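Here the structure is laid out as structure tokens; the discussion comes afterwards.
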Amino acid sequence: MISSTRYWFLITLVVLVYVAGMFVTLFENDSAQFAVMAMRMVQENDFINLFKGPEEYLDKPHMHYWLAALSYKLFGIHDWAYRIPAILATLLGAYSCYGLAKLFYNKDVGKFAALIFMTAQTIVLSNIDVRTDAVLTGFTIFSIWQLVAYVEKNKLWHILLGAFGAGMAFSTKGQIALLVIGICLLCHLAYTRKWQVLFSYKVLLALLVFALTIAPMLYAYYQQFDLHPEKVIRGKNNRSGIFFIFWEQSFERLSGEGVGKNSNDYFFFFHTFLWVFLPWTVLGLAAYWLRAKTFIKNDLNYRGDYQFMTVAGIALIFFIISFAQFKLPHYLNVIIPLFSILTASYVYSLHRQTNHKTIKILLVVQYFILSVVFIFSLLVCFHVFKFQNPAAYIILIATLLVIIYFCLKQEAYYLRIVTLSVYASLLLNGVMNMHFYPELLKYQAGSTMAQKVKEFDIPVDNIYKISERHTWALDFYNKNPVNITTMANLPKMNDVWVYLSDEELGKLREADLEWDKQITVDNFRITRLQLKFLEPSTRHKVLKKMHLVHIY
């Protein structure tokens, strides 16, 4: 199989790509929003109440914000500190993929599973555009691994660790964690028919550990909402935080009530999967098809050399979440570990594959994916955002030479498939994290304006906005939420700075308000890219402006 030297070399490169992404400016909306919510916990020394701007926040549990706040406490309030818990959770997820795949198959499959998981596009992205999903995914697959290990080995410490992992995952994003863990565990029990492990005092101890793990989150919800029935959340009073997290949350997501509806496309996650699992998509689909066909052919009868959990778990989870009226691509992150393990077992089987035609076809597919990434990277570096630093050319050329070397090197087909797939992920995300995102985020007005605020030594507590439009990046990098006022109040104020859009600046002119200083920066919704923006000659057509004016 793959040598230890090459394996750890690839893992090191992946981690370096993660580290490079740590220092990139935070993305609006969710990433910067969550960073500000955790920042307020630290600044106000309030770890009970969650706020989204001026509003009480019910939507998600506290764990993600607590972990970010802990990182701030240890390292200070920085964007890279905010990302540390996500990266650590991803490493935990990778190790759990290794452990579970090793349990099901062997050590080599485990190593492949960890490598596939760490290089899947959505997992790499979740460590730079950090939301709750990195922590959720890491603890969910950790819990699944430990609970399956308990089923197989009947050891107390496995089920206790599994219960702890489930509690952490539930405290991060709610019921979706228990849904995924529960489906996977039930599928494994149904296939192996080891139901007797449930009839043990160990299960009661595990439930106690789970209850103790989620207790801080429940206490915080109780303090913020249950004790205050007068609070109006999304137009309703008498909101119980405990009832919400145990019952209402998932139904709101499925129905779109409260959070809104953004998609009734029942195939949304099927076509989204095509890019979130790159560069392993085709291998993953081939693995799933062949394994599912084998189970159907065998009438789902138990075979010790196969595991049913990933195939059945993926199918059931896909089916359930496809009915949600509110969908986002990162909702798939939680099942990427299952796909990674399934794909790893298929990749491992390729080295014993007698059908060389199949292996050659898969190798050609991976060459094609690498070629697309190669062309995209060149377009980004030489057209979309041209290199300005000569050293960047040296790094890119050196990277491309290494990839070309492995493209031409004669070695086993399966080994070339793995190596080239990993290099495709490294090339793409290396370019994105070290060049594309830093250049792109120059067009995010909030973070750019925060640099101007620092440059001109503007008092951050003297900055206002005249609408409740969120300004997460400006809030975070100023380390102070922008104050809110109204247009009617501005004539009564003096020596203040006002943060305005083009439309709001027009209202100031109409009101005959005067200002003596104005700072203007470009603004673009960087998470919703358009071809007109990516094309330098038409970029100016889609750019807007944000302004900071001094009213004296």
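Here's the yes/no breakdown for (1) modelled with pLDDT of 90 or more; (2) within 23 Å of the chain's Cα centre (by Cα):
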position	(1), (2)
PHE267	no, yes
GLN307	no, no
PHE319	no, yes
LEU328	no, yes
PHE339	yes, yes
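ILE463 is checked against (1) farther than 30 Å from THR119 by Cα; (2) surrounded by 15 or more Cβ atoms within 10 Å (Cβ to Cβ); (3) touching a Gly at 6+ places or on another chain (Cβ under 8 Å) and fails just one. What number does that condition carry?
(3)
Please work out if GLN224 is farther than 22 Å from MET309 by Cα and in a helix (DSSP H, G or I).
Criteria met by GLN224.
So which residues in region 319-334 are in a helix (DSSP H, G or I) and either closer than 14 Å to VAL276 by Cα or among the charged types (D, E, K, R) (or both), if there are any at all?
So the first thing to find is which residues in region 319-334 are in a helix (DSSP H, G or I), and the list is 319-321, 329-334.
Result: PRO329, HIS330, TYR331, LEU332, ASN333, VAL334.
What's the total number of residues in region 461-496 that are closer than 27 Å to ILE77 by Cα and not aromatic (Phe, Trp, Tyr)?
So the first thing to find is which residues in region 461-496 are closer than 27 Å to ILE77 by Cα, and the list is 461-485, 496.
Within this subset, residues satisfying the condition of being not aromatic (Phe, Trp, Tyr) are 461-463, 465-471, 473-475, 478-485, 496.
Residues meeting the conditions: 22.
Filter the helices (runs of 4 or more DSSP H) completely within region 1-102 down to those with at least 3 residues that are free of Cβ contacts under 8 Å to residues at least 12 places away in the same chain and under 18 Å from ALA473 (Cβ atoms).
Working: elements: 4-22, 30-44, 63-75.
Once the helices (runs of 4 or more DSSP H) in region 1-102 are filtered for at least 3 residues that are free of Cβ contacts under 8 Å to residues at least 12 places away in the same chain and under 18 Å from ALA473 (Cβ atoms), nothing remains.
I need the full set of residues from region 478-503 which are closer than 13 Å to SER447 by Cβ and touching a residue at least 60 places away in the same chain (Cβ under 8 Å), in order please.
LYS479
Name the residue, out of PHE319, PHE376, PHE326, that is under 30 Å from LEU189 (Cα atoms) and surrounded by fewer than 19 Cβ atoms within 10 Å (Cβ to Cβ). Let's see the steps before the verdict.
Values: PHE376 fails: under 30 Å from LEU189 (Cα atoms); PHE326 fails: under 30 Å from LEU189 (Cα atoms).
Just one listed residue meets the conditions, PHE319.
When you go through (1) assigned to a helix (DSSP H, G or I); (2) in contact (Cβ under 8 Å) with a residue 40 or more places away in the chain; (3) crowded, with 18+ Cβ neighbours inside 10 Å; (4) not acidic (Asp, Glu) one by one for LYS452, which number turns out not to apply?
Every condition holds for LYS452 apart from (3).
Looking at LEU74, LEU91, which one is surrounded by fewer than 19 Cβ atoms within 10 Å (Cβ to Cβ) and more than 30 Å from TYR191 (Cβ to Cβ)? Full working, then the answer.
On the way: LEU91 fails: more than 30 Å from TYR191 (Cβ to Cβ).
None of the other options fit; the residue is LEU74.
Go over the candidates PHE210, PHE251, PHE246 one by one and state the one that is farther than 30 Å from VAL372 by Cα, assigned to a helix (DSSP H, G or I) and modelled with pLDDT under 85.
Details: PHE210 fails: modelled with pLDDT under 85; PHE246 fails: modelled with pLDDT under 85.
Every option except PHE251 fails the conditions.
Condition first: within 31 Å of the chain's Cα centre (by Cα) and polar (S, T, N, Q). Can you find one or more residues in region 507-519 that meet it?
Quick first cut of region 507-519, residues within 31 Å of the chain's Cα centre (by Cα) only: none.
So far as region 507-519 goes, no, none of its residues is within 31 Å of the chain's Cα centre (by Cα) and polar (S, T, N, Q).
Of the residues TYR464, TYR477, only one is part of a helix (DSSP H, G or I) and modelled with pLDDT of 85 or more; which?
Details: TYR464 fails: part of a helix (DSSP H, G or I).
Result: TYR477 is the single residue among TYR464, TYR477 that is part of a helix (DSSP H, G or I) and modelled with pLDDT of 85 or more.
Restricting to region 338-384, what's the tally of residues that are touching a residue at least 40 places away in the same chain (Cβ under 8 Å) and either out of contact with any Pro (no Cβ under 6 Å at 6 or more places or on another chain) or in the same structural domain as THR137 (by TED's automatic domain parsing) (or both)? So that I can check it myself, show each step before the final result.
Going residue by residue through region 338-384, those that are touching a residue at least 40 places away in the same chain (Cβ under 8 Å) are 338-348, 350-351, 353, 356, 359-360, 362-363, 365-367, 369-370, 373-374, 376-377, 380-381, 383-384.
This time we only want the ones that are either out of contact with any Pro (no Cβ under 6 Å at 6 or more places or on another chain) or in the same structural domain as THR137 (by TED's automatic domain parsing) (or both), so: 338-348, 350-351, 353, 356, 359-360, 362-363, 365-367, 370, 373-374, 376-377, 380-381, 383-384.
Going through region 338-384 one residue at a time, the tally reaches 31.
Which numbered condition in (1) of a type in the set (Lys, Arg); (2) surrounded by fewer than 12 Cβ atoms within 10 Å (Cβ to Cβ); (3) modelled with pLDDT under 85 is the only one that LYS360 fails?
Tallying (1) of a type in the set (Lys, Arg); (2) surrounded by fewer than 12 Cβ atoms within 10 Å (Cβ to Cβ); (3) modelled with pLDDT under 85, LYS360 fails exactly one: (3).
The values are calculated or read from the model by the stated rules, or taken from the named source; none is laboratory data. Keep in mind the model is a prediction, meaning the values are calculated, not measured. Neighbour counts are summed over all protein chains in view; Cβ atoms, including those assigned to glycine, are modelled from backbone coordinates with ideal geometry.
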